[in-house]
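Below is one structure, written out as structure tokens; the observations come after it.
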Amino acid sequence: MKVPFTVATGAQERRTLAVTPLAGHSLAETLAAHGYPLNTRCGHRGLCRGCEVEIRDGHLVLAEGRRAGIGSLIRACQARLVEPTEIFIPARSRMEHRPQVSDTFRIEISYAHQPLYSQEQGDTAFAVDIGTTTVVVLLVDLTTGAILSRSGGFNRQIRFGDNVLTRIEAASTRPGVLAEMRQAVVQETLTPLLRQACERAGRSTSRLAGGTVAGNTTMLHLLLGEDPAPLGVVPFSPRFLAQREVTARAIGLQVDGLRPSTPLRLLPGIAAYIGADIVAGICATGMAYDEKGSSGFLVADRSS
Ligand code: FES
């Protein structure tokens with residue numbers, strides 16, 4: 001049975017929804033499903049207060065079974081909706097949808113015109129950096145090496161926690177979350193960013209010959225649906241570090257016009273916490289060719 005649920009986000013911003021209270025769904029999940037994702041940076045563990053909301057009318061049931069009423073500040077990840085209720089979401093608890101994503105940089109090394117991908121399959125390729133917070137996609141012309149367009153946005157996995165440790169724990173302790181995280185990064189993040197990059201460049205997705213993916217070791221595990229649990233406990237052993245090649249179909253990347261067999265190459269990492277993103281940075285900035293080893297990353301690389 002649906003109940004009226006009013007959400008206020010400001011003096012003039014108030015919306016009443018008809019919501020079916022679902023057993024097992026927290027208020028934070030209910031809000032996210034209706035377009036109000038909260039700052040769940042501790043991964044719904046009730047530790048950070050990032051998801052705090054105020055009850056303006058009615059009651060909510062807390063995790064321990066207690067009822068909280070008007071005026072209470074409660075953590076939405078630890079509460080459930082059971083009856084007609086009004087809440088206020090303070091600005092600090094709302095997930096910002098328009099992140100500042102830096103996607104401008106200069107590659108300091110010369111690049112060879114010897115593409116990784118067959119140009120018979122297409123004249124364009126994409127490069128992706130999957131960060132814990134943000135994801136950036138660049139479109140590259142395979143003939144000239146020119147960067148054609150960029151797009152970037154939040155990694156939608158952020159609702160499961162804002163750092164790798166909370167995501168590792170969520171994926172390894174909550175049934176079904178690993179698959180949900182994969183869907184969040186592939187369908188909710190990478191798919192629209194790739195589409196946007198193609199639109200900005202004026203190139204059809206059917207012209208994509210392949211893609212290269214960098215990311216920290218945990219992000220690459222989650223992308224492939226690999227259980228990241230070993231990354232969270234001593235001796236921090238990744239399930240894989242070597243380069244991997246998969247297809248768009250294999251990771252569930254479906255964009256109109258994109259061939260399901262489009263190859264994606266995941267760059268290799270060095271260790272659980274020295275991932276492919278750092279390796280890519282070392283190469284792209286030219287640090288890898290610095291004889292003096294001026295980078296801290298290189299020191300870590302050489303000693304590991
Ligand atoms: S207290 Fe951290 S997500 Fe709710």
- prompt: Here are T218, T189, T166: which of them is in contact with a Pro (Cβ under 6 Å, 6 or more places away or on another chain), of a type outside the set (A, V, I, L, M), buried (at least 20 other Cβ atoms within 10 Å of the Cβ) and assigned to a helix (DSSP H, G or I)?
  reply: T218
- request: Please specify each residue of the stretch 49-58 satisfying the condition of being away from the ligand (no atom under 16 Å from the Cβ) and surrounded by fewer than 18 Cβ atoms within 10 Å (Cβ to Cβ).
  value: R56, D57
message: Taking the criterion of being modelled with pLDDT under 80, over 18 Å from L224 (Cβ atoms) and either exposed (fewer than 14 other Cβ atoms within 10 Å of the Cβ) or not aromatic (F, W, Y) (or both), would at least one residue in the stretch 260-276 satisfy it?
response: no
message: Regarding the stretch 9-18, can at least one residue be identified that is acidic (D, E), more than 16 Å from the ligand (Cβ to nearest atom) and surrounded by fewer than 14 Cβ atoms within 10 Å (Cβ to Cβ)?
response: yes
- prompt: Can you tell me which residues in the stretch 65-87 are within 16 Å of the ligand (Cβ to nearest atom) and under 31 Å from the mean Cα position of the chain (by Cα)?
  reply: L73, I74, R75, A76, C77, Q78, A79, R80, L81, I87
query: If only one of G24, G35, G46 is surrounded by fewer than 21 Cβ atoms within 10 Å (Cβ to Cβ), at pLDDT below 95, within 15 Å of the ligand (Cβ to nearest atom) and within 27 Å of A170 (Cα to Cα), which one is it?
result: G46
task: Tell me which residues, restricted to the stretch 221-247, are outside any strand (DSSP E or B), without any contact (Cβ under 8 Å) to a residue 24 or more places away in the chain and farther than 20 Å from G161 by Cα.
output: V234, P235, R239, F240
- prompt: In this structure, is L62 within 16 Å of the ligand (Cβ to nearest atom) and farther than 27 Å from L178 by Cβ?
  reply: yes
query: What's the number of the condition V255 fails, among (1) part of a loop (DSSP other than H, G, I, E, B); (2) out of contact with any Lys or Arg (no Cβ under 6 Å at 6 or more places or on another chain)?
result: (2)
query: Taking the stretch 30-64 as the region of interest, how many residues are over 16 Å from N163 (Cβ atoms), free of Cβ contacts under 8 Å to residues at least 12 places away in the same chain and under 30 Å from the mean Cα position of the chain (by Cα)?
result: 2
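The values are calculated or read from the model by the stated rules, or taken from the named source; none is laboratory data. Predicted model only: the values in this text are computed from it and were never measured. Glycine also receives a Cβ, built like all others from the backbone with ideal geometry; neighbour counts cover every protein chain displayed.
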